[in-house]
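See structure below.
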Amino acid sequence: MENKEAYPANDAAQDVKDSSRRNFIKQSTLLTAVALTPGTAIKAAADHIDEQIAAVFEKMPLKMQVNGKTQNLSVEPRATLLDILREQLDLTGTKKGCDHGQCGACTVHVDGHRINSCLTLGVMMNGRKITTIEGLANGNQLHPMQEAFIKHDGFQCGYCTPGQIMSAVACIREGHANSEHEIREYMSGNICRCGAYPNIVNAIQEVKDGGMAV
Ligand code: FES
Ligand code: FES
């Protein structure tokens, strides 16, 4: 009779099957062990899990400089830098788009380098210098990149704009703004749903070509 199997079996597929079988047996054994464990042992295990969960919520001290100002905070270990900036420090210029490192709306500078703050745990920022869009201007004097975005209509709804500007400044500092192609490549982590890309590129090129300090 004709063999209807779509793909021939191979060693890798067999390894996966063996591994699944081993995991299944391990889990069954664990469940049986739990069923045979005296109540006190189960309670001890449950208490241990409670302690571990409580540790996740227990606040930790965090000292960092944000836009030139030292901040002494108490944060949950699981809190992201983005949430700390927005919810504890009221710096809502930094936007939450995807919250998964895919849109760039949350871009800030840490010690001068751009990062996605939604992917960064706040407790990792102890002793670091953070700059958000609120810290880019010099008093009432807008940063040259902010001026250029306005001049070139580098935004429509504006939701992505703080992240775009923070990334644009870093892009020039990194030396990655030498051509339209390069700018598009190194700005590709910042998504604009309004499609303001050509104007954003123009703004970056103007600042780069003007040799303005960023
Ligand atoms: S909100 Fe951080 S990358 Fe989208
Ligand atoms: S200006 Fe609207 S998402 Fe970029």
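The values are calculated or read from the model by the stated rules, or taken from the named source; none is laboratory data. Everything numeric here is computed off the predicted structure, so don't read it as measured data. As a convention, Cβ positions derive from the backbone with ideal geometry for all residues, glycine included, and neighbour counts pool all protein chains shown.
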Looking only at the stretch 63-120, and only at residues there that are among the basic types (Lys, Arg) and touching a residue at least 60 places away in the same chain (Cβ under 8 Å), the one that is surrounded by the fewest Cβ atoms within 10 Å (Cβ to Cβ): 63
Strands (runs of 3 or more DSSP E) within the stretch 69-148 that include 2 or more residues more than 26 Å from residue 213 (Cβ to Cβ): 69-75
Whichever residue in the stretch 149-160 is surrounded by fewer than 21 Cβ atoms within 10 Å (Cβ to Cβ) and outside any helix (DSSP H, G or I) and, among such residues, is farthest from ligand 2 (Cβ to nearest atom): 152
The one condition in (1) in the same structural domain as residue 172 (by TED's automatic domain parsing); (2) within 16 Å of ligand 1 (Cβ to nearest atom) that residue 148 fails to fulfil: (2)
Members of the stretch 103-129 that are within 15 Å of ligand 1 (Cβ to nearest atom) and within 17 Å of residue 68 (Cβ to Cβ): 108, 109, 110
Qualifying positions in the stretch 177-213 - within 16 Å of ligand 1 (Cβ to nearest atom) and either surrounded by 12 or more Cβ atoms within 10 Å (Cβ to Cβ) or touching a residue at least 24 places away in the same chain (Cβ under 8 Å) (or both): 186, 187, 189, 190, 191, 192, 193, 194
Residues of the stretch 136-194 classified as of a type outside the set (Gly, Ala, Ser) and at positive phi, total: 1
